[in-house]
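One structure is given here, and the rest of the page talks about it.
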Amino acid sequence: MFLTSGITNAFPVFLPSLLDEFGGSRGATAATASLFWLLAAFVGPLSGYWMVRADPRLVLSAGLAATATGLAIGTQVTSLPAFLVAVGGCGGIGLGLTGMVAHAPLISRDYTHRRGLATGIAFSGSMLAYTLSPGIQWAITALGWRGTFALYTAAILALVPPVWWIHPRRLTAGGGPTTALSQRGLGSIVASVRFWALLVVFTMPPLIGYLAITQHALYFRAMGLSAGEASLLLGLGGALAAGGRALSGWLADRIGGVATGFVSYASTLLGLLLLLGLEAWPGRLLAYGYVFFMFLAMGSRATIVAVLVSRVAPGEKYGVVFGLLAIGNSLGAALGPWLSGFLYDVTGSYAVIYLAAVGFALVAILALVIFTLSARQRTI
């Protein structure tokens, strides 16, 4: 999760160098991260199926190999389309085989009462990738982006032996408590209001996040910060996001997933408003405030949704339903980087990007309200 799902979170640090190298538009260059998530949206559900029915070690190793292959080819290409296909294409397959859906069966099999905390700790790996930003910026300065990609490739390949040593040969199907929901078929679950409301709740966070952070390095340099300080902010955000993901799991186990969801979206909105405030009052106080509130909540929704799935699906369908919901999450992540670049290319304004993120956050909050009301009506 740290090295594969985390690639797109570290991508903003590479963006200025890639723009200088290939000379494409911001939207076209950022589409690499979008292709990553677009392919992961379709491969991810299959990975959850294969993790239970095949050898988990083989699934994860194939994902690591695909990602490493894409990065290795990326160090050799000389055009943006070739870079997009190699890194975005192979990396997207790798991300789909090693992401949240692949790991959810491992966690849900062993944890029920503390599933939120366990999921938060495991899923925090991708958020921790933001902490790589200062190191990546140093490596780019010293070795160039191609040399940095080569180092990243070696780090990913180094994970293959531990995967075969640590993970089991076979998983038993399981996960989640069995309740009256067991009587519901998959079609009935997917047709429910709660499923679609939860799908929106899970789709919006990466869309909002990538709208805000894809331009991070470029935006803060325009605000007068150095490249080093901009990458430091991103690294600080990564530590907050990783801690926030684990914290949200702990909180969801105590006050419930819905309440934790409202708290997390309130934090996101406050972070976006501080980011918009920078347009009128540039300054470090607002910049660091944005990083604190935005990143603290950034990874929380994956943990929250993992907890709320048990209110929609029975234990034996947990992995399948989570995989279907994760399609929306990956599609949101795919749209975010491209839309961020596209909006800037069209308007030349960062404020338009951040206002769009605020709008999507309000949509997510409305979906969470609908999920809550539909759950109460069903109880009544």
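Just so it is clear, none of the values below were taken in a lab; they were calculated from the coordinates. Model, not experiment: these values are computed from the prediction. Backbone-built Cβ (ideal geometry, glycine too); neighbour counts: all protein chains shown.
Taking the centroid of alpha carbons for each part, region 47-67 and region 302-333 are 19 Å apart.
When peptides 357-366, 97-106 are ranked by their average number of other Cβ atoms within 10 Å per residue, the highest-first order is 97-106, 357-366. Summary of packing: across the peptides 145-157, 295-307, the per-residue average of other C-beta atoms within 10 Å ranks them, highest first, as 295-307, 145-157. Counting only Cα atoms, region 21-169 measures 50, 29, 28 Å along its principal axes, largest extent leading. Around the Cα centre of the chain, unit charges on the Cβ atoms of Lys, Arg, Asp and Glu (plus for the first two, minus for the last two) sum to a dipole of about 1120 debye.
The equivalent ellipsoid of region 256-319 has semi-axes of 33, 9, 7 Å, largest first, where each one is the square root of 5 times an eigenvalue of the Cα gyration tensor.
For region 102-141, the spread of Cα coordinates along the three principal axes comes to 46, 17, 8 Å, biggest extent given first. Across all Cα atoms of region 121-168, the radius of gyration (one decimal) and Dmax (whole number) stand at 13.3, 41 Å. Across region 1-85, the relative contact order, built from alpha-carbon pairs under 8 Å that are at least six residues apart, equals 36 percent. Long hydrophobic helices in the chain, taken as whole DSSP H segments with a C-alpha length of 24 Å or more on their own axis and mean Kyte-Doolittle hydropathy at least 0.5: 26-53, 56-74, 193-213, 227-255, 257-280, 318-347, 350-379.
As a ratio to 2.2 N^0.38 Å, the alpha-carbon radius of gyration computed for the chain takes the value 0.94. Over the chain, Cα pairs under 8 Å with separation of 6+ residues give a relative contact order of 28 percent.
Using only the alpha carbons of region 313-369, what is the convex hull's orientation-averaged projected area in square nanometres? Directional mean of the projected Cα hull area for region 313-369 stands at 4.6 nm². With a Förster radius of 35 Å applied to the beta-carbon distance between F262 and R221, the computed FRET efficiency rounds to 0.50. Using alpha carbons only, the radius of gyration of region 268-368 set against its Kirkwood radius gives Rg/Rh = 1.06. Largest first and in whole Å, the equivalent-ellipsoid semi-axes of region 212-296 read 27, 14, 8, each the square root of five times a Cα gyration tensor eigenvalue. In units of the rule-of-thumb radius 2.2 N^0.38 Å, region 10-89 shows an alpha carbon radius of gyration of 1.25. Here the extension length gained between W138 and S79 equals 18.8 nm, from 0.36 nm per residue of separation less the Cα-Cα distance. Note on the chain: helix-only mean residue ellipticity at 222 nm, from DSSP H runs of 4+ residues weighted -39500 (n - 2.57) and normalised by residue number, equals -26500 deg cm²/dmol. On the principal axes of its alpha-carbon atoms, region 189-333 has extents of 53, 30, 23 Å, going from largest to smallest. The simple spin-label model puts a point 7 Å past each Cα toward its Cβ; for V363 and R114 those points are separated by 3.8 nm. With each label modelled as a point 7 angstrom along the Cα→C-beta vector, the W281-R254 pair spans 3.2 nm.
For the pair R169 and D345, label points projected 7 Å from Cα toward Cβ lie 5.1 nm apart. With the Cα gyration tensor of region 42-117 giving a ≥ b ≥ c as the square roots of its eigenvalues, does the rule (a/c under 1.5 for rounded; else a/b larger than b/c for prolate; else oblate) give rounded, prolate or oblate? It is prolate, given that a/c is not under 1.5 and a/b is the larger ratio.
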